[in-house]
1. Top to bottom by accessible area (1.4 Å), largest first, where do 36, 108 land?
2. At a probe radius of 1.4 Å, what is the per-residue accessible area of residue 228, in Å² to the nearest 10?
3. Ignoring ligands and nucleic acids, what accessible area does residue 70 show with a 1.4 Å probe (Å², nearest 10)?
4. Between segment 143-178 and segment 46-121, what is the C-alpha centre distance in whole Å?
5. Apply 1/(1 + (r/R0)^6) to the Cβ-Cβ distance of residue 20 and residue 139, taking R0 = 45 Å, and write down the FRET efficiency to the nearest 0.05.
6. Ranked from the most accessible area to the least, with a 1.4 Å probe and all protein chains present, what is the order of 179, 2?
7. Keeping all protein chains in the complex and leaving out DNA, RNA and ligands, what accessible area do you get for residue 156 with a 1.4 Å probe, in Å² to the nearest 10?
8. Can you send over the carbon and sulfur percentage of the accessible area for the chain, probe radius 1.4 Å, protein chains only?
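The values are calculated or read from the model by the stated rules, or taken from the named source; none is laboratory data. Nothing here was measured: the structure is a model prediction, and the numbers come from that model. Here Cβ is always computed from backbone atoms with ideal geometry, including for glycine, and neighbour counts include all displayed protein chains. SASA here: full protein model, heavy atoms, side chains in, ligands and nucleic acids out. Shrake-Rupley method; radii C 1.70, N 1.55, O 1.52, S 1.80 Å.
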Amino acid sequence: MFFLFPLFHIIYLRTLLSHENIFLHLIGGVALFFIMHNLGPSIGYHKLFAHAAFVPRSFYPFLSVYISMLCFVGGPLGYTVIHTLHHKYADQEMDPHAPNRGRLYAYMGWMLTFKLKEIPKMVLKLRKQYPWMSSIENWDVVVLSLSYLLFYYISVSLFLCILLGGLLSGHLNGLVNAFAHCNHGDLGDSDLSLDRPFFAKYLNQVFNHRNHHVNLHNYDTTTFLAKDDQVFFIKYFLQKK
Ligand SMILES: [Zn+2]
Ligand SMILES: [Zn+2]
């Protein structure tokens, strides 16, 4: 994904600049970014898989994996490994993307150097709960490439809007990793997560990041404690009745 992500920026820009109605395609891409990011990485990978925040309707795990793959996040098990270790070892040596190794490292660079030393229990649980996940885990590049090829041949406008949505979603994940934790000092033994209210309001609530690290139950839609922007949508459309 480290190489594919920049490559798709070039493909996107070349296609966009040779097309009419650039502005309309930008608006369409930004609109799709909010839909794709929420349905894929934010509610699916983050809340459902990494935090087991709710019991989903049967279609939703498949949908969220497909959308997240289009958003350059990779497979669900890999994401869950990284995110679970991030919470467990926040800003310590074992944190996969602590920004006190550098903002750019936290944004993307960690993908080149990360070495798996521990498989979190949550991943074993996911494998058991969704046996199909292991078989699709490493097919993300194929799924992503074939899907965008298909979108291109169906409609260049469709391709441009979905691809911009996916690229922006990938950047949002990088932004959270790089700027929702403090980068001062050496790798320490404390959680240096920060709240970024502006980004939380206009981009995604995950930027209320200190709050997320300290109050993990805020995301648990199976309890009455859950309180965030996505709860209503999850309860009515994605949660098993
Ligand atoms: Zn989290
Ligand atoms: Zn964090």
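1. I get 108, 36, largest accessible area first.
2. Answer for residue 228: close to 40 Å² accessible.
3. Residue 70 exposes around 10 Å² with every protein chain in place.
4. 19
5. That pair, residue 20 with residue 139, gives E of 0.85.
6. So, going from the largest accessible area down, we get 179, 2.
7. For residue 156, the solvent-accessible surface is approximately 40 Å².
8. Values: 8270 of 12370 Å².
Carbon-and-sulfur percentage of accessible area, whole number: 67.
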